[in-house]
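Read the structure below first, then the notes.
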Amino acid sequence: MAGRIDIAFAKAKAENRGSLGVFITAGDPDAATTDALLDGLVEAGVDFIELGMPFSDPMADGPAIQAASLRALKGGMTLVKTMEIARNFRQRHPDMPLVLMGYYNPIYIYGNDRFIDDAVAAGVDGLIIVDLPPEEDSELCIPARKAGLNVVRLITPTSDDQRLPAILAEASGFVYYVSVTGITGMASAAATSIDQAYKRIRKQTDLPIVTGFGIRTPEQAAESARLSDGAVVGSAVVDLIADAVANPASTDEAENRAAVVRKVAAFVGDLSAAIRA
């Protein structure tokens, strides 16, 4: 049976366009704002959402997402509360794919079996665990797959043709091509390098291949989605949230929340429109 991720990518393909994924950090700056932002992303036209699990040492992330994790943790966000956000989101949005993205340390402390059970119960569709290599598939990947969760693999410019089979062996849902060597939110890749990487990866998998890291504008998102099967935008969205936290629209908490949701939804709407164009 096709899952939500499969259906979303098939729908985009039928519309002759790439898919749009957006990343935000759970609990940044608080749980209620995350709930409102998730609703705003759905209304703005995303095809799937990556919900970051805050971690104190997110080594693959640039300053924007590092700061978002720290804001969330300072505000009291935990993995238990992240699961609650996911569960409530699923009740409001039964069809939108939701992928948890983060690092293995918090999951290990939480307990692998408990984490998998709670993610499935919350209606999570997949996992992106940045620092868990395929050599450790028995730790989390294989049990998660058996439980019905997709395991999305990251492929980087340094992943050569000899390495790809190991990376892709247990991959499902889609493949995330990290288009630059380095951390999130910094440089953006040239079109030629994305095109070449897509063709190289496509020879070894039938899964959708989306491009992320360094995509900050609607034009870049549209180009990446045209050259691959989709684009993921994270740091540019997180920056908007950070700016709203640093420069509140008013002294009223509800008004501030509504303002940041409007700002993020407008930007994501532009991303979605560019990809659909």
Picked from the range 267-277 (must be aliphatic (A, V, I, L, M) and without any contact (Cβ under 8 Å) to a residue 60 or more places away in the chain), the residue surrounded by the fewest Cβ atoms within 10 Å (Cβ to Cβ) is ALA277
The condition of being under 24 Å from GLY269 (Cβ atoms), in contact with a strand residue (DSSP E or B) (Cβ under 7 Å, 6 or more places away or on another chain) and surrounded by 16 or more Cβ atoms within 10 Å (Cβ to Cβ) holds, among PHE89, PHE55, only for PHE89
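Hey, among the residues in the range 212-233 that are among the β-branched types (Val, Ile, Thr) and in a loop (DSSP other than H, G, I, E, B), which one's nearest to ALA274 (Cα to Cα)? Don't jump to the end; show me each part of the working.
So the first thing to find is which residues in the range 212-233 are among the β-branched types (Val, Ile, Thr), and the list is 215, 217, 232-233.
When the remaining residues are screened for being in a loop (DSSP other than H, G, I, E, B), the result is 215, 217.
Details: ILE215: 13, THR217: 9 Å.
Filtering first and then ranking leaves THR217.
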Within the range 12-62, the count of residues that are modelled with pLDDT of 95 or more and either farther than 17 Å from MET77 by Cβ or of a type in the set (Lys, Arg) (or both) comes to 21
The correct count of residues that are among the small types (Gly, Ala, Ser) and in a loop (DSSP other than H, G, I, E, B) in the range 108-156 is 4
Within the range 99-145, of all residues that are farther than 17 Å from PHE23 by Cβ, surrounded by 17 or more Cβ atoms within 10 Å (Cβ to Cβ) and acidic (Asp, Glu), the one modelled with the highest pLDDT is ASP118
Being among the hydrophobic types (A, V, I, L, M, F, W, C), out of contact with any Lys or Arg (no Cβ under 6 Å at 6 or more places or on another chain), assigned to a loop (DSSP other than H, G, I, E, B) and touching a residue at least 24 places away in the same chain (Cβ under 8 Å) narrows MET83, MET96, MET101 down to just MET96
Subset of the range 181-211, residues surrounded by fewer than 21 Cβ atoms within 10 Å (Cβ to Cβ), assigned to a loop (DSSP other than H, G, I, E, B), of a type in the set (Val, Ile, Thr) and at pLDDT below 95, comes to THR181, ILE183
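Specify which of the listed residues (LEU41, LEU20) is touching a Leu at 6+ places or on another chain (Cβ under 9 Å), in contact (Cβ under 8 Å) with a residue 12 or more places away in the chain and surrounded by 24 or more Cβ atoms within 10 Å (Cβ to Cβ).
Numbers: LEU41 fails: touching a Leu at 6+ places or on another chain (Cβ under 9 Å).
LEU20 is the lone residue from the list that is touching a Leu at 6+ places or on another chain (Cβ under 9 Å), in contact (Cβ under 8 Å) with a residue 12 or more places away in the chain and surrounded by 24 or more Cβ atoms within 10 Å (Cβ to Cβ).
For residues in the range 1-17 being part of a loop (DSSP other than H, G, I, E, B) and not small (Gly, Ala, Ser), which is surrounded by the fewest Cβ atoms within 10 Å (Cβ to Cβ)? If you could, list the steps in order and put the result at the bottom.
Let us first name the residues in the range 1-17 that are part of a loop (DSSP other than H, G, I, E, B), namely 1-3, 15-17.
When the remaining residues are screened for being not small (Gly, Ala, Ser), the result is 1, 15-17.
On the way: MET1: 4, GLU15: 10, ASN16: 7, ARG17: 19.
Residue satisfying both the conditions and the ranking: MET1.
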Those residues of the range 57-110 which are touching a helix residue (DSSP H, G or I) at 6+ places or on another chain (Cβ under 6 Å) and of a type in the set (Phe, Trp, Tyr) amount to PHE89, TYR110
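The values are calculated or read from the model by the stated rules, or taken from the named source; none is laboratory data. Worth saying up front: this structure is predicted, and the values here are computed from it rather than measured. When we count neighbours, we look across all protein chains shown, and the Cβ atoms used for this are built from the backbone with ideal geometry, even at glycine.
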